[in-house]
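Engineer: Before anything else, here's the structure in question.
Where a number appears in this text, it was derived from the coordinates with a stated rule and is not lab data. In this text, all values refer to a predicted model and were calculated from it rather than measured experimentally. Ideal geometry is used to build each Cβ from the backbone, glycine not excepted, and the neighbour counts take in all protein chains shown.
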Amino acid sequence: MITAFGHGRIVTAQGLVRGQSVLCQNGRILGLVADDAVPGDAMRVDLGGGVLMPGYLDVQVNGGGGVLFNDAPTVEGLRAIAHAHARFGTTGLMPTIISTDIASIGKAIAAVDEAIAYGVPGILGIHIEGPYLSPKRRGIHNPTTFPPLDDEAVRILSSLQHGKTMVTLAPETVSLAAVKQLVAAGVIVCIGHSDASYDETQAVLRAGARGFTHLFNAMSPLQTRTPGVVGAALDDEESWCGIITDGHHVHPAALRVAYACRGDDKLMLVTDAMPPVGSTQKSFVLQGRTIRAENGLCLGPDGTLAGSATDMATVVRKAMEFLRINDFAIAAKLSSGNAAAFLGLTRETGSITAGARADFVLVDDAFNLQCSFAGGVLHNA
């Protein structure tokens, strides 16, 4: 049966359109037609005048629904995390394992492979954040060691058979040869948790790195004579930058500076979410330390930021408020389209176009989430 989403406004590659309906079948988008041209036997979904946008994509999700991926590298754990975030419009995510030993990383990769093979909704691949990081900029990461990125590690990091692999590393801790090996194996290399210089960062970009993990956080800052990682990120026109717009990790003015430098094509909104998202829990244990959640963020015992307790719907709404922009097409890029391009998934997701998955969010004029659809089916919390 064909499903028609109509009587609303639809965000397309051509901008916001009215008077048209999105036709979907078997979880995919067939195309758009005028409202009065919808097939008579189609099942109609009345959008009530709201705005239909592509489902949100989040490339940095440590946990959700009370589950931490590091502690539950299983299909069941991934299913629980993805389900928790779907409540907030995230129809695709990169479960993120933070610094741990290489054997545990291997288990996490195997779990993602299995989850994708089983068709767990929303799992796009894996994000491996560390342990190839700067001890000075480690943030909440607390590995027993910061090991070298050797050939065996490269083999394991690039072993995913299904979906996409991201690896966040610090340029000053790895060789350019190792970076090139990862890139050649299809891994998306990102720069983060780094005290590197501008020149060190540029060298890794030239070696094939494609992005920056949580821009401004846990990286050498932009200064007049030492631009650092932040300066390299804002200066480079080709790479993508993830940014946490929960109102805690990045000041609104810094967000506006990043937007002014990079525009709406290269910024990706991320949550860096931890287990409290989609859960009632107020604390959890991360590598032996109790992390408390309050006011949408997570804090370690010493006050160190430890990810967020903020969902994607809130991140999107706050980003548009901080940017002082009321443009649904730009919101769709920042929350979905850019991540799809970064991951190389534009034919699959990130836009409302024929052939893509029928993953949508319905929002009101203030970007408040009304509901979400995965494969054309309403998500039930």
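Engineer: Ranked highest first by average number of other Cβ atoms within 10 Å, how do 266-278, 28-40, 158-170 line up?
Structural biologist: Final packing ranking: 266-278, 158-170, 28-40.
Engineer: What share of the DSSP beta bridges in the chain is antiparallel, in percent to the nearest 5?
Structural biologist: For the chain, the DSSP antiparallel bridge percentage is about 50.
Engineer: Longest segment of the chain with no GluC sites (Glu not before Pro) in a DSSP loop having at most 15 other Cβ atoms within 10 Å?
Structural biologist: On the way: sites that count: Glu237, Glu238.
That gives 1-236 as the longest site-free run.
Engineer: Right, something else. Between Gln161 and Ile325, how many nm apart are label points set 7 Å from Cα along the C-beta direction?
Structural biologist: Modelled inter-label distance: 4.1 nm.
Engineer: Under 25 Å from the Cα of Lys107, which lysines turn up, not counting those fewer than eight places away in the same chain?
Structural biologist: Lys164, Lys180
Engineer: Report the local net charge at Trp240: Lys and Arg +1, Asp and Glu -1, summed over other residues whose C-beta lies under 15 Å from its C-beta. Mind showing how you got there, number by number?
Structural biologist: Working: positive: Lys164, Arg210, Arg262, Lys266, Lys333; negative: Asp58, Asp235, Asp236, Glu237, Glu238, Asp264, Asp265.
Net charge around Trp240: -2.
Engineer: Which is farthest toward the positive dipole end of the chain among Val179, Val59, Gly355, measuring Cα position about the Cα centre, with Cβ charges +1 (Lys, Arg) and -1 (Asp, Glu)?
Structural biologist: Val59
Engineer: Now for a different question. Using Cα-Cα distances under 8 Å and only pairs 6 or more residues apart, what relative contact order does the chain have, in percent?
Structural biologist: Result for the chain is 21 percent.
Engineer: In deg cm²/dmol and to the nearest 500, what is the mean residue ellipticity at 222 nm of the chain if only DSSP H runs of at least 4 residues count, each as -39500 (n - 2.57), divided by the residue total?
Structural biologist: Details: 10 runs with 96 residues, N = 381.
Helix contribution divided over all residues of the chain: -7500 deg cm²/dmol.
Engineer: Tell me, in nm to one decimal, what length is gained between Leu16 and Asp151 on full extension, where the rule is 0.36 nm per residue of separation less the Cα-Cα distance?
Structural biologist: On the way: separation 135, 0.36 × 135 = 48.60 nm, distance 4.85 nm.
Separation in residues times 0.36 nm, less the Cα-Cα distance, equals 43.8 nm.
Engineer: Please work out the FRET efficiency for the pair Arg256 and Asp41, using the Cβ-Cβ distance as r and a Förster radius of 51 Å; give the result to the nearest 0.05.
Structural biologist: With a Förster radius of 51 Å, E is 0.55.
Engineer: Dipole magnitude of the chain about its Cα centre, charges +1 at Lys/Arg Cβ and -1 at Asp/Glu Cβ only, in debye to the nearest 20?
Structural biologist: Computed charge dipole of the chain: roughly 200 debye.
Engineer: Pick the calculated volume of the Cα convex hull per residue in Å³ for this structure from (i) 185; (ii) 121; (iii) 153?
Structural biologist: Calculated volume of the Cα convex hull per residue in Å³: the matching label is (ii).
Engineer: Which net charge results when you count Lys and Arg as +1 and Asp and Glu as -1 among the other residues whose beta-carbon is under 13 Å from that of Tyr118?
Structural biologist: So the surrounding residues net to -2.
Engineer: List the DSSP H helices in the chain whose Cα atoms stretch 20 Å or more along the helix axis and whose mean Kyte-Doolittle hydropathy is at least 0.5. Intermediate results must be reported in sequence, preceding the final value.
Structural biologist: Numbers: long enough: 102-118 (24 Å, 1.15).
Span-like helices here: 102-118.
Engineer: For region 243-310 and region 1-39, compute the distance between their C-alpha centroids and round to whole Å.
Structural biologist: Each part's Cα centre sits 35 Å from the other's.
Engineer: Still on this structure: Could you give the length gained on full extension between Tyr118 and Asn368, defined as 0.36 nm per residue of separation minus the Cα-Cα distance, in nm?
Structural biologist: Once the chain is fully extended between Tyr118 and Asn368, it gains 86.8 nm.
Engineer: Continuing with this model, one more query. In a shell of Cβ-Cβ distance under 12 Å around Leu157, excluding Leu157 itself, what net charge do Lys and Arg (+1) and Asp and Glu (-1) give? Write down the numbers at each step before the final one.
Structural biologist: On the way: positive: Arg155; negative: Glu129, Asp150, Asp151, Glu152.
Neighbour charge sum, excluding Leu157 itself: -3.
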